[in-house]
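To start, the structure under review is shown below, and the notes come after it.
The values are calculated or read from the model by the stated rules, or taken from the named source; none is laboratory data. Source: prediction; values computed, not measured. Glycine gets a Cβ as well: all are built from the backbone with ideal geometry, and neighbour counts include every protein chain shown.
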Amino acid sequence: GLKDPRRPIGSFVFLGPTGVGKTELTKALARFMFGSEDALIQLDMSEFMERHTVSRLVGAPPGYVGYDDAGQLTEAIRRRPYSIVVFDEIEKAHPEAHNMLLQIMEEGHLSDARGHKVDFRNTIIVMTSNIGADVIKRQTGFGFQHKVDEALEEKLAYDEMRKKLIEALKRVFRPEFINRLDSVVVFRALSRTDIQQIVTLELDKVAERLKDNNITLTASPAAVDQLAEEGYDPDMGARPLRRIIQQKIEDRLSDALLAGEFSEGDTVEVHVNEDKELALRKVQGAGEPEMTPEAAA
């Protein structure tokens, strides 16, 4: 394309509260761009808060402990030059790490402790941050209000929210750092529709694993709604959802399979029973669904 041949493919900052899908987006991007999630390199920048720990990214200098060990970042890119590099919670890193990122974003390369030049021109740099997350929470709710009101509220609030987040970003990072970014992506808080879609995706993963047992898994709309309600937390986003699905769907399915309640060829439906609780039932081939009391317990 027309991109600067000396720089990485793209350099982005993802802003937003926890649990809204920043990391999931990078995984999807890795699959789309490079064909596999193995192309994703993740670094938790809370591990590089001290000046002496930053050297681990490129390897310890001569005479220091760990000189024989390769740099966590440079070695990963040397082995897989076509990658997406995610720096989680970049605001926690020592300023020296920011200086390294400046060089990567501007020059497209970084030298490790042994003086070997590592090429970053075929990478995508993504930095995630929770800077200004409180602003996003105040601006956007969970979205259970009327859809028209929600859409109008988000449209009116987004530009103002983005402006506030950029201001918060400028208070943490130097101007030359921000100027080298290709884009700042702001994530809204999740809406009800978003959570329902995430529930469907997570249930699809469970259904995929059940294919080994030749069992089909479905879910009623009421069950999806209830999982969305129980699996969302205003402070944690969709993170509790996976735990809820594991406890209320996966664990019960495992117990039922071990007890022989479901067998090959069965279709199992997740539904809401008369007690307003999530339950499992076997769907008969030509009749009404059959409730399995043990699975519903």
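Only one of these is touching a residue at least 40 places away in the same chain (Cβ under 8 Å) and part of a strand (DSSP E or B): ILE84, ILE104. Name it. Explain how you work it out, then say what you get.
On the way: ILE104 fails: part of a strand (DSSP E or B).
Just a single option satisfies the conditions, and that option is ILE84.
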- Task: Residue by residue through region 8-36, note down the ones that are modelled with pLDDT of 90 or more and either within 12 Å of THR128 (Cβ to Cβ) or of a type in the set (D, E, K, R) (or both).
- Result: PHE12, VAL13, PHE14, LEU25, THR26, LYS27, ARG31
- Filter result (within 24 Å of the chain's Cα centre (by Cα) and either surrounded by fewer than 16 Cβ atoms within 10 Å (Cβ to Cβ) or more than 24 Å from LEU101 (Cβ to Cβ) (or both)) within region 171-180: VAL172, ILE178
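Scan VAL85, VAL65, VAL54 and give me the residue that is at pLDDT 85 or above, over 27 Å from TYR232 (Cα atoms) and out of contact with any helix residue (DSSP H, G or I) (no Cβ under 6 Å at 6 or more places or on another chain). Working first, answer last.
Numbers: VAL65 fails: at pLDDT 85 or above; VAL54 fails: out of contact with any helix residue (DSSP H, G or I) (no Cβ under 6 Å at 6 or more places or on another chain).
One residue alone meets the criteria, VAL85.
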- Unmet criterion (only one of (1) outside the structural domain of MET105 (by TED's automatic domain parsing); (2) in contact with a strand residue (DSSP E or B) (Cβ under 6 Å, 6 or more places away or on another chain); (3) assigned to a loop (DSSP other than H, G, I, E, B)) for GLU261: (2)
- Given (1) closer than 20 Å to ARG281 by Cβ; (2) in a helix (DSSP H, G or I); (3) modelled with pLDDT of 90 or more, where does ALA256 come up short, assuming only one miss? (3)
- Message: I need the full set of residues from region 231-249 which are more than 18 Å from the chain's Cα centre (by Cα) and surrounded by 16 or more Cβ atoms within 10 Å (Cβ to Cβ), in order please.
- Response: LYS248, ILE249
- Within region 10-63, can you find the residues that are among the β-branched types (Val, Ile, Thr), out of contact with any Leu (no Cβ under 9 Å at 6 or more places or on another chain) and either over 20 Å from GLU91 (Cβ atoms) or not assigned by TED's automatic domain parsing to the domain that holds VAL126 (or both)? none
- Of the conditions (1) closer than 19 Å to PHE12 by Cα; (2) buried (at least 18 other Cβ atoms within 10 Å of the Cβ); (3) at pLDDT 90 or above, the single one that SER183 does not satisfy is (2)
- Query: Applying the selection to region 1-60, what residues are under 17 Å from HIS109 (Cα atoms) and among the small types (Gly, Ala, Ser)?
  - Reply: GLY10, SER11, SER55, GLY59
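If you go through region 208-230, how many residues are among the hydrophobic types (A, V, I, L, M, F, W, C) and exposed (fewer than 15 other Cβ atoms within 10 Å of the Cβ)? Give the derivation first.
Of all residues in region 208-230, those among the hydrophobic types (A, V, I, L, M, F, W, C) come to 210, 215, 217, 219, 222-224, 227-228.
Still in the list and also exposed (fewer than 15 other Cβ atoms within 10 Å of the Cβ): 222.
Residues flagged as among the hydrophobic types (A, V, I, L, M, F, W, C) and exposed (fewer than 15 other Cβ atoms within 10 Å of the Cβ) within region 208-230 amount to 1.
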- Query: Can you name every residue in region 21-36 that is surrounded by fewer than 15 Cβ atoms within 10 Å (Cβ to Cβ) and on the phi > 0 side of the Ramachandran plot?
  - Reply: GLY35
- Query: Given the conditions (1) part of a strand (DSSP E or B); (2) surrounded by 19 or more Cβ atoms within 10 Å (Cβ to Cβ); (3) polar (S, T, N, Q), which single one is not true for THR74?
  - Reply: (1)
